[in-house]
Amino acid sequence: MELHFRTEAEARARRDELYAKIARAADLYYNHDAPEISDYEYDMLFEELKTIEREYPALDDPASPTHRVGGAASEKFSKVTHPVPLGSLTDVFDEESLRDFVVKSKEKLVAAGYREEDILFTVEPKIDGLSVGLTYEGGRLTVGATRGDGTVGENVTENIMLIPGIPRALPERLDLTVRGEVYMPRENFEAVNREREELGEKLWANPRNAAAGALRRLKADRGALSILDIFVFNFQTGDLYADGHAPVSHNETIERIRALGFPTINVRALTGDPDRIIEAVRGIGSSREGLPYDIDGAVVKVDSLEMRGALGEGPGVPKWAVAFKFPPERKKTKLVDIEIQVGRTGVLTPAAVLAPVRLAGTTVTRATLHNIDIIKMKDIRVGDSVIVQKAGDIIPEIVASVPADRDGSERPFSFPEKCPSCGGELVWDSAAELAAEAAEDGEEPEPVEGGAIRCVNPFCPAQRERRIIHFVSRGAMNIDGVGPKLIRQLLEADLIRDPADLYGLREEDISALPRMGEKSAKNVISAIDASRGRGPARLLYGLGIRHVGEAAAEALVDEFGGISPLFEKTADDISAIYDMGEATAKKVTEFFSSPGARDLIDRLRAAGVETEKTAGAAETDGEAGDGLAGLTFVLTGTLPTMSRDEATALIKKNGGKVTGSVSSKTSFVLAGADPGSKLTKANALGVAVISEDDLFDMLK
């Protein structure tokens, strides 16, 4: 990788930019199991950072992500210190680098006195899963732990016990620790995502993250864990043989591990010839599509354990092994059409309809195109031949068009002038506006290419389903038992069109639906009835007005006494409220001046839903106090014993105020594990940061 910096200052600026990008990507990948970039893109960022540090040694900071392994162990689980660190491997991305590793390793070993003909390497697939350590005492599984940062991991023993492929007891009474890769077979992954899609839940990005999400769930889900599997690929410590015999090679170790009942992956080659090693790696790459599990590369290791010791370890990585990383698989297919999808917030997203193509183990027929700027930038036309890959190894995207294949029948794409769902007005949100609005909402501003075209009609039919799902959610009206699947059934049966229709449902309407008996129908009606008294703030939040979160809804109701006054308020009236931005004020006034808003609120009121504050009403349980009166709090991260909703309720109950973004007027930032940008902003502004224990002390 070549660098093109004129000064060290330019290199430093790029290094700092890479720090931020890698930290965000690693946090999403390791701690939230929700990557937004592919492994290959992450690897390229990492390689660029390593190149900068190599070319500019003064910029090689000990705190750099290049000196760390994996992610931190979650606070949700108890910690496990690995008896032998679960390290990572040096990555190589081309055959020249792989050959260089083999040749130089042989040269060093020959110089150390080993015969060249005795120097062999193993080649095996690199499973794309979650690395774990399994410890057995007296032949019984006692500890299962994730890799974490390589030295300290998470104790997930209870969950590990539920994975069928992991033996809970060995045929011999041995004390040992082995390392393996937990994964989700592709067939199971596709079934899980089909089910999540039916329920309206967010899809897993790829099998690795689906496996990690299941394994790192605090409350074990037997069904989710039963569809996981494992390959064990290394002996860490202890005795593999009762008589104390020590294996002399990796190949012998794998055979012994397999004999003890562990699933292992077959070594594809055992050779010292660089050409045969490269041939074996190519063979693994060409077999990717036909495998029942995901791989992201091939691992090449020195086979002799004694020779490994002679080569030694580098900073955090062994010198006797490398991982050859495959680039994302790409295929060429035909772009049949471009369709417009309208999301819950009204954003119009173009989607490519493709001639079916087999890619990374699945058949792809659709791909995201993000926005009109991307289409123009890549010069994508309907009828084009296009190159497709999977971002994050699951979300299909078009990499480029192939102009050389054009025959003149292709046509440029343009957005409709009106919303294709409701015929309503469309507006353009620039990338800068989207970033500013995210910051105003107290969210992490994400990089946005181009902008977004949005339908501003809040009653657009295309947005209906997601709006009702939001309305019944826990933070809003909290209607238990009314989930995405039931809402979809009610819409398809034409029993509801908007949230107010929920309050007109009868038990017989619901019991007549598939898989909904009389008892279920009675429970649903009871939950709907109970929601009528949730209060105007939760109702306002439940309406799904853009930028109006729970804190903003509470502030609006506190200021104006309910929802009805909002029909008469101007944007200036609303933005005058403390911590209420102009973007939020604009969206509130747009909603309450739109056709249908007054009818919706009138129907909700007629159904007995509380739309205005009543004298002395309290929307939190328990005794109220004033120990936090006059103080404003912002919450970030995961708290040890409370959810954010519970912490918010506690603060409000004691006279405090909770807002969504940090400003100089913020009294305290209540921070838990994995805090976001709010903590950074608090430190920059000198706002006091407190823990959950500090909050409890304030309330004593």
Name every residue in region 629-687 that is hydroxyl-bearing (Ser, Thr, Tyr), closer than 17 Å to Leu699 by Cβ and not in a loop (DSSP other than H, G, I, E, B), in order of residue number.
-> Thr632, Thr648
Within region 413-459, restricting attention to residues that are among the β-branched types (Val, Ile, Thr) and modelled with pLDDT of 80 or more, which residue is farthest from Ala20 (Cα to Cα)?
-> Val427
Please state which one of Leu240, Leu225 is touching a helix residue (DSSP H, G or I) at 6+ places or on another chain (Cβ under 6 Å) and farther than 29 Å from Gly481 by Cα.
-> Leu240
Taking only region 334-355 into account, find how many residues are buried (at least 21 other Cβ atoms within 10 Å of the Cβ) and either assigned by TED's automatic domain parsing to the domain that holds Arg467 or in contact with a Phe, Trp or Tyr (Cβ under 9 Å, 6 or more places away or on another chain) (or both).
-> 1
Within region 655-671, identify whether any single residue is more than 18 Å from Glu550 (Cβ to Cβ), surrounded by fewer than 15 Cβ atoms within 10 Å (Cβ to Cβ) and touching a helix residue (DSSP H, G or I) at 6+ places or on another chain (Cβ under 6 Å), and answer yes or no.
-> yes
Has region 218-239 got any residue that is surrounded by fewer than 20 Cβ atoms within 10 Å (Cβ to Cβ), within 15 Å of Thr135 (Cα to Cα) and touching a Lys or Arg at 6+ places or on another chain (Cβ under 6 Å)?
-> yes
Of the residues in region 298-326 that are over 22 Å from Ser249 (Cβ atoms) and either among the aromatic types (Phe, Trp, Tyr) or in a strand (DSSP E or B) (or both), the one that is modelled with the lowest pLDDT is Phe326
Taking Pro65 as meeting all but one of (1) more than 21 Å from Asn234 (Cα to Cα); (2) modelled with pLDDT of 85 or more, write down the number of the exception.
-> (2)
Those residues of region 1-26 which are more than 11 Å from Ile52 (Cβ to Cβ) and either basic (Lys, Arg) or in a helix (DSSP H, G or I) (or both) amount to Arg6, Ala9, Ala20, Lys21, Ile22, Ala23, Arg24, Ala25, Ala26
If you go through region 579-595 one residue at a time, do you hit one that is buried (at least 17 other Cβ atoms within 10 Å of the Cβ), within 30 Å of Glu195 (Cβ to Cβ), of a type in the set (A, V, I, L, M, F, W, C) and in the same structural domain as Arg466 (by TED's automatic domain parsing)?
-> no
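Conditions tested, residue by residue: (1) over 28 Å from Asp43 (Cα atoms); (2) in contact with an Asp or Glu (Cβ under 7 Å, 6 or more places away or on another chain).
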position	(1), (2)
Glu255	yes, no
Gly261	yes, no
Arg268	no, yes
Pro274	no, no
Gly285	no, no
Glu306	yes, no
Pro327	no, no
Thr333	no, no
Residues located in region 563-578, provided they are out of contact with any Phe, Trp or Tyr (no Cβ under 8 Å at 6 or more places or on another chain), surrounded by fewer than 21 Cβ atoms within 10 Å (Cβ to Cβ) and not aromatic (Phe, Trp, Tyr) | Ser564, Pro565, Glu568, Thr570, Ala571, Asp572, Asp573, Ser575, Ala576, Ile577
Return yes when Phe121 is touching a strand residue (DSSP E or B) at 6+ places or on another chain (Cβ under 7 Å) and more than 21 Å from Ile265 (Cα to Cα) and no when it is not.
-> no
Residues being more than 21 Å from Ile601 (Cα to Cα) and not in a helix (DSSP H, G or I): count how many of those fall in region 472-519.
-> 10
Would you call Ile284 surrounded by fewer than 19 Cβ atoms within 10 Å (Cβ to Cβ), touching a Pro at 6+ places or on another chain (Cβ under 9 Å) and within 26 Å of Val399 (Cα to Cα)?
-> no
Complete set of residues in region 141-198 that are in contact with a strand residue (DSSP E or B) (Cβ under 8 Å, 6 or more places away or on another chain) and acidic (Asp, Glu) | Glu154, Asp175, Glu181, Glu190
Residues of region 474-518 being of a type in the set (S, T, N, Q) and in contact (Cβ under 8 Å) with a residue 12 or more places away in the chain, which ones?
-> Asn478, Gln489
At least 2 residues that are under 30 Å from Leu631 (Cα atoms) and of a type in the set (A, V, I, L, M, F, W, C) in each: list the helices (runs of 4 or more DSSP H) lying fully within region 555-609 that qualify.
-> 571-575, 582-592
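The values are calculated or read from the model by the stated rules, or taken from the named source; none is laboratory data. Just so it is clear, the model here is predicted, and its values are computed rather than measured. Ideal geometry is used to build each Cβ from the backbone, glycine not excepted, and the neighbour counts take in all protein chains shown.
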